[in-house]
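Everything on this sheet refers to the single structure shown next.
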Amino acid sequence: MSPVYPFTVTIHVLSAMFWIGGMFFLAIVGAPALRGLDPDLRRRLFKEIGERFRTASWVAIGILVVTGVLNLHFRGLLGPALRGGSDFWLGAAGRMLTWKLALVFTMVAIASVHDFWLGPRSGRLTPGSEEQERVRRTLVWLGRVNALLGVLLVYVATRLVRG
Ligand code: HEM
């Protein structure tokens, strides 16, 4: 076994913990803790926390993709996956990898809409207006959907390893 392999798995798992754990922390601890504050202060704090988490989570996503590909290589799965033979993609590992990649793609698409389109749009709208409230609610739902997809992704990741 390559001595690098345990490090790529460790960094991969830590990045997954940061990204998924951060989403749950914001929803279960951060948002409720700010709820009782003055609306202006709450908006400022949430914007500041949200922007910092956004930057850090895109770094985590980048690390997950790079270490994920390295993990495939160290497991001996990268070659068969790239050769694209049906015996690999229709086997247990290939099927789980398909699910995993589909979930990663969906989560990254949702995070992009959240962070680069609706999030900035909400910031430009008048606070408390009807449209801003609608966009804000959509943002909250996109965050919830992505957190749930994240749980499913971790399940699929464990099935990929254990068959
Ligand atoms: C292109 C993207 C990705 C690829 C190619 C990939 C690939 C892999 C591979 C091959 C392993 C097995 C590591 C080993 O040899 O033990 C693994 C483990 C894991 N991955 Fe990913 N991964 C990707 C993205 C993600 C994402 C986005 C998450 C979650 C947010 C994630 C969560 C995990 C977890 C929790 C494990 C540990 C599973 C266990 O040991 O039971 N991965 N990944």
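Scan region 147-163 for residues that are buried (at least 16 other Cβ atoms within 10 Å of the Cβ) and more than 10 Å from the ligand (Cβ to nearest atom) and jot them down. Selection gives Ala147 alone.
Say whether the condition of being under 20 Å from Val145 (Cα atoms) and either within 16 Å of the ligand (Cβ to nearest atom) or in a helix (DSSP H, G or I) (or both) is met by at least one residue in region 63-70. Within region 63-70, one or more residues are under 20 Å from Val145 (Cα atoms) and either within 16 Å of the ligand (Cβ to nearest atom) or in a helix (DSSP H, G or I) (or both).
Being of a type in the set (Phe, Trp, Tyr) and in contact with a Ser or Thr (Cβ under 8 Å, 6 or more places away or on another chain) is the filter; apply it to region 1-51 and report the residue that is nearest to the ligand (Cβ to nearest atom). Result: Trp19. Quick check: anything in region 73-92 touching a helix residue (DSSP H, G or I) at 6+ places or on another chain (Cβ under 8 Å) and under 21 Å from Gly21 (Cβ atoms)? Looking through region 73-92, none of the residues is touching a helix residue (DSSP H, G or I) at 6+ places or on another chain (Cβ under 8 Å) and under 21 Å from Gly21 (Cβ atoms). The number of residues in region 39-64 that are closer than 20 Å to Leu142 by Cβ and touching a residue at least 24 places away in the same chain (Cβ under 8 Å) comes to 11. Take the residues of region 82-99 that are surrounded by fewer than 15 Cβ atoms within 10 Å (Cβ to Cβ) and charged (D, E, K, R): which is modelled with the highest pLDDT? Top of the filtered list is Arg83. For region 75-104, filtered to residues that are without any contact (Cβ under 8 Å) to a residue 12 or more places away in the chain and outside any helix (DSSP H, G or I), the residue that is nearest to the ligand (Cβ to nearest atom) is Arg75.
The values are calculated or read from the model by the stated rules, or taken from the named source; none is laboratory data. Quick caveat: nothing in here was measured; it's all calculated off a predicted structure. Don't worry about glycine lacking a Cβ; one is built from the backbone with ideal geometry, like all the others, and counts go over all protein chains shown.
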